[in-house]
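Participant: Sharing a structure here in structure tokens format.
We did not get these values from a lab; they are worked out from the coordinates using the rules stated. Since we're looking at a predicted model, the values are computed, not measured. Ideal geometry is used to build each Cβ from the backbone, glycine not excepted, and the neighbour counts take in all protein chains shown.
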């Protein structure tokens, strides 16, 4: 019997022949924490009585979730992280660098076949470049920081096959929302998801990150894609690490196979307050909005911002609506400047905030008032996620958000067909 | 110690944002302070009703979403002896055992708020004393048992100088 990608990568990192259900201690290639989780990583690490990182080059801290700091409590956490990075001589991406899940692959810290742990649930993002990457808590991360290891239960795998050329105005965000609607918020808990099909291979690497990023929204441990030519070109342009692409065997065992055809898919929108309550955009066309947000580890990459800018160019956002834009990294921000996107956004009435998580986590940069409705390119719409339990969050693609902020209500981006 | 059930109104897919909101986890480092705000966004009076030794009762996929370890920490600090749910999300499951918070998987349909419960991990039973029912608990994996015995993963690591003992536990499992 053949093996899945998860079984192979975990076997490679444990020196054992592992199958789904096995538990083993594995060597980890890279690990990190962000400013919502690093404080406890530091505390737990100190409790271990260890004085050194297992390998100072394989651990980073990223200040992205509340950056720059909105209050004294957060400032103290940021200070603690800066001091710890100096004490341990480990890397730190400070405010303004960007979102962890953009920086870690872009800066070449990870490559195909790696095993990666992050103290952030969206660490599954790098599955897009064939990395077994998953989120853990802070103490788990501290253990890995000290030892270079952690224990893993080898997940069962769901094979997801997505075929068909998505229509204009339909993007990877719509594809993954459609899949989550079907599989459900709990449908892949503890499991690995492997994504296949021409709809996936047709996507750019950046667009694939959106797919893998949201695997955790159906409970998955990883959402992984085989490496193709695009992947190998992408990783070798960014990382000096030798890629070790891992493919599943033809006779690998899957707990389920799901097939989707996206050739007639409408733009998808997740309704408050769960990610798996998904509608076609046309069903929500009368929903008024107060705020739009374009950014995050899901959709804050250059091509996301470019799509939004194409729709917004020459338009003003609705007078009753606020639009917040957060590029996922400094490099993306620079490209926005060079290619004229900053001008388009600012002229339209948008507010561009610094690279980072922006208002996604509800600590700053656009907390909603009671009863307000937001449409966001983020990955979570839980009650209170954007800082106010009495507000409402819809999730959609950058194109849908851009179209919606112009009209002041949820709008089908195919209205701007000629610009897409 | 007597254990009483504290049942959430929302049962399935209770995420860690609901356990402890990002509003608090980013600025408050003291778990005691965090414990005052558990479930505030879905049930503002819940935290005040929790007594020491209570067992939190939920449905499917408890603890989904964010990896925040502040979630199990705040529950432990609030006084919960354990969480009983039909199933748990993966990261929360690891985090809880890592910090020494017991999780039990069982059919929670037969537990109401305020029921007196008795937990026997060795026998794998959760007794609902009020209703005279004995519920089966899904066996706790040997790794988790080992971590709990040692008082969490930090203590395990210190005691054994790494994962060496865990490897043995795994080999003998």
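Participant: Within 10 Å of each residue's Cβ, count the other Cβ atoms and sort A:250, A:72, B:42, A:211 from fewest upward.
Facilitator: If I rank by nearby Cβ atoms, fewest first, I get A:250, A:72, B:42, A:211.
Participant: Just report the Cα centroid separation between region A:279-293 and region B:70-92, whole Å.
Facilitator: Spelled out, the Cα-based centre of one part sits 35 Å from the other.
Participant: Can you tell me the length gained on complete extension of the stretch residue B:33 to residue B:134, counting 0.36 nm per residue apart and subtracting the Cα distance?
Facilitator: Full extension from residue B:33 to residue B:134 adds 32.8 nm.
Participant: Can I ask one more? For residue B:122 and residue A:240, what does the FRET efficiency come to when R0 = 56 Å and r is the distance between their Cβ atoms, rounded to the nearest 0.05?
Facilitator: For R0 = 56 Å, the calculated efficiency reads 0.60.
Participant: Hey, any idea what the orientation-averaged projected area of the convex hull of region A:91-205's Cα atoms comes to, in nm²?
Facilitator: Value for region A:91-205: 8.8 nm².
Participant: How many partner chain Cβ atoms sit within 10 Å of a residue's Cβ in peptide B:22-34, on average, as a whole number?
Facilitator: Average neighbour count from other chains, rounded to a whole number: 5.
Participant: Take residue A:369, project a point 7 Å from its Cα along the Cβ direction, then tell me which residues of region A:344-358 have their backbone nitrogen under 19 Å from it.
Facilitator: Inside the label zone: A:350-351.
Participant: Turning to a different aspect of this structure: Let me know the whole percent of all Cα-Cα pairs from chain A that are separated by more than 31 Å.
Facilitator: Beyond 31 Å sits 35 percent of the P(r) for chain A.
Participant: Once you have the alpha carbon radius of gyration of region A:234-302, what is it after dividing by 2.2 N^0.38 Å, with N set to its residue count?
Facilitator: 1.73
Participant: Can you give the mean number of other chain Cβ atoms that lie within 10 Å of the Cβ atoms in peptide A:60-67?
Facilitator: Partner-chain Cβ atoms within 10 Å, mean over residues of A:60-67: 1.
Participant: Same structure again: Going 7 Å from the Cα of residue A:75 along its beta-carbon direction, which residues of region A:85-120 have the amide nitrogen within less than 19 Å of the resulting point?
Facilitator: Within reach of a label on residue A:75, which here means backbone N under 19 Å from a point 7 Å along Cα→Cβ, region A:85-120 contributes A:94-96.
Participant: Residue by residue through B:151-160, how many Cβ atoms from other chains fall within 10 Å of the Cβ on average?
Facilitator: Partner Cβ neighbours, averaged per residue: 4.
Participant: Going by average Cβ density within 10 Å per residue, which order do the peptides A:114-126, A:17-29, B:43-55 take, highest to lowest?
Facilitator: Going from most to least packed, we get A:114-126, A:17-29, B:43-55.
Participant: Here's a follow-up. Provide the convex hull volume over Cα atoms per residue for region A:295-420, in Å³.
Facilitator: 85
Participant: What is the distance, in nm, between label points placed 7 Å from the Cα along the Cα-to-Cβ direction at residue A:229 and at residue B:109?
Facilitator: In this crude label model, residue A:229 to residue B:109 measures out at 5.5 nm.
Participant: Tell me, in nm to one decimal, what length is gained between residue A:204 and residue A:94 on full extension, where the rule is 0.36 nm per residue of separation less the Cα-Cα distance?
Facilitator: Stretched out fully, the residue A:204 to residue A:94 stretch lengthens by 36.8 nm.
Participant: In a solvent-free Debye calculation with one equal scatterer on each Cα, what is log10 I(q)/I(0) for region B:1-101 at q = 0.15, 0.16, 0.17 Å⁻¹, listed in the order of the q values?
Facilitator: Debye intensities relative to I(0), on a log10 scale: -0.50, -0.57, -0.65.
Participant: Describe numerically, in nm with one decimal, the distance between label points set 7 Å from Cα along Cα→Cβ at residue B:45 and at residue A:303.
Facilitator: That separation, rounded to one decimal, is 5.2 nm.
Participant: Run lengths n ≥ 4 of DSSP H only: what is the helix-derived mean residue ellipticity at 222 nm for the protein assembly as shown, with -39500 (n - 2.57) per run over all residues, to the nearest 500?
Facilitator: Calculated from helices alone, the mean residue ellipticity at 222 nm is -9000 deg cm²/dmol.
Participant: So between residue A:163 and residue A:255, what do we pick up on full extension, going 0.36 nm a residue minus the alpha carbon distance?
Facilitator: 31.1 nm
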